[in-house]
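This structure is in structure tokens; I'll ask about it shortly.
The values are calculated or read from the model by the stated rules, or taken from the named source; none is laboratory data. Everything numeric in this text was worked out from a predicted model, so none of it was measured. Cβ atoms come from the backbone with ideal geometry, glycine included; neighbour counts cover every protein chain shown.
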Amino acid sequence: MLGRAIGLALLGVTALSALAAGPASPAGGAALLARYEPVVELYRADWKPSAVEPFLAGADLERPVGIRWRVVRRSPPASALAGGSAGLRLDTRGCTPAVNLDACYVHRAQPASVYGRVWVSPTASAGISSVLQYWFFYPLDDWRNSPTRPTLWHMHEGDWEEVSVALDAAGGPVSVAASQHNLGVTRTWARVRVDGGTHPVVYVALGSHANYLSPGFRGVAGVPHRIPTRFSGVPLVEPDFTSAQATYGPAGVTADVLGIVDISDGTAPWLSFAGSWGDGAYVLLGEQTKTGTRYAHLRVGGSPIGPAFHDIWRDPLLQFRSWPADDGH
């Protein structure tokens, strides 16, 4: 759940500049994206990564008017998002984490997709000459502290996650970066599990869609990992759960195909949308009653912004410089 950035207006200008004037993709960029496309393993019942269009078909584009939100356009096409300001938001029609649980949100049949971007460094740094970015979109983030009987939820619409593969001057893989709860980890290529010779395997956490490079439960009793407060506003304990119930990846490597949409040229109209991909982030606190669990919904922040408004889009090397090395947790 890559969080909302600080100084959005300034980042908006920077992001638009990056879209217009970023380093050109090398010849054969699509082939590179296909060669190192990740294999993702996740819970069968969870949302799978998809294109944005089905989400947009079930959403409204809204703007604030006083203390209310007014619909600008129902089911906006991707072209309607081009250049949209930070004051706009997308809101899933008929559902909101402000009052609903995840059951309100309909899982529509659609192919699994990932957005790929080839970025070439103007000057090679730390042995990295180019970065392959894979951006995953999920219609809903519904992290919970238990996969079966949750008492604490963190929900928001429109979840963006990212995995990157760094390449050296010869085009060989150097390391992998994987987003986790507004930050992420890196791991050298030699320590990454690879399928089909060149495809890094990523384990997607239930609900939160945090990307891990090894399977299993995340969070040790007494010493839990925590979601950074700069996203949620509160220090949430982070037990994450991964599973290999469903696997998506390249054709010929996995049975279920993860299609790549190349956005390297920056012309996808939704990339320049500076608004929110949802109507806010909420913590749900559960209370056991005679009839089941009753939840209090507390707003704790905004929904995520799109890929081009993250620092790691403007400078893909940032994740390899500043994200911690994966400790295998």
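Out of everything in the range 167-200 that is crowded, with 22+ Cβ neighbours inside 10 Å and aliphatic (A, V, I, L, M), what residue ends up being nearest to residue 282 (Cα to Cα)?
Per the stated criteria, the residue is 178.
Looking only at the range 222-274, count how many residues are part of a loop (DSSP other than H, G, I, E, B), at pLDDT 80 or above and not acidic (Asp, Glu).
Residues that pass the stated criteria total 14.
May I ask you to say which residue of 318, 298, 284, 271 is within 17 Å of residue 184 (Cβ to Cβ) and aliphatic (A, V, I, L, M)?
The conditions single out 318.
Quick one: in the range 284-329, of everything that is small (Gly, Ala, Ser) and crowded, with 17+ Cβ neighbours inside 10 Å, which residue is nearest to the chain's Cα centre (by Cα)?
Going through the qualifying residues, I end up with 306.
Does residue 215 count as surrounded by fewer than 16 Cβ atoms within 10 Å (Cβ to Cβ), within 19 Å of residue 48 (Cα to Cα) and not aromatic (Phe, Trp, Tyr)?
yes
Can I ask one more? Cβ-Cβ distance below 7 Å, separation of 6 or more or different chains: which pairs start in the range 78-89 with a residue that is in contact (Cβ under 8 Å) with a residue 40 or more places away in the chain and closer than 15 Å to residue 308 by Cα and end on one that is surrounded by fewer than 13 Cβ atoms within 10 Å (Cβ to Cβ) and among the hydrophobic types (A, V, I, L, M, F, W, C)?
Qualifying pairs under 7 Å: 86/9.
Exactly one condition in (1) at pLDDT below 95; (2) surrounded by 19 or more Cβ atoms within 10 Å (Cβ to Cβ) is false for residue 164; which is it?
(1)
Looking at the range 156-189 only, could you name the residues that are part of a loop (DSSP other than H, G, I, E, B) and among the basic types (Lys, Arg)?
Within the range 156-189, none qualify.
Can you tell me which residue among 85, 75, 79 is within 11 Å of residue 59 (Cβ to Cβ) and either modelled with pLDDT of 95 or more or not hydroxyl-bearing (Ser, Thr, Tyr) (or both)? Please lay out each step first, then the result.
Details: 85 fails: within 11 Å of residue 59 (Cβ to Cβ); 79 fails: within 11 Å of residue 59 (Cβ to Cβ).
So the residue among 85, 75, 79 that is within 11 Å of residue 59 (Cβ to Cβ) and either modelled with pLDDT of 95 or more or not hydroxyl-bearing (Ser, Thr, Tyr) (or both) is 75.
Another question, then. For the range 275-306, which positions are more than 22 Å from residue 89 (Cα to Cα) and in a loop (DSSP other than H, G, I, E, B)?
290, 291
Separate question: Wholly within the range 40-155, which strands (runs of 3 or more DSSP E) include no fewer than the required count, namely at least 1 residues that are under 17 Å from the mean Cα position of the chain (by Cα) and surrounded by 15 or more Cβ atoms within 10 Å (Cβ to Cβ)? So that I can check it myself, show each step before the final result.
Working: elements: 59-65, 68-74, 89-92, 112-125, 128-144.
Those strands (runs of 3 or more DSSP E) span 89-92, 112-125, 128-144.
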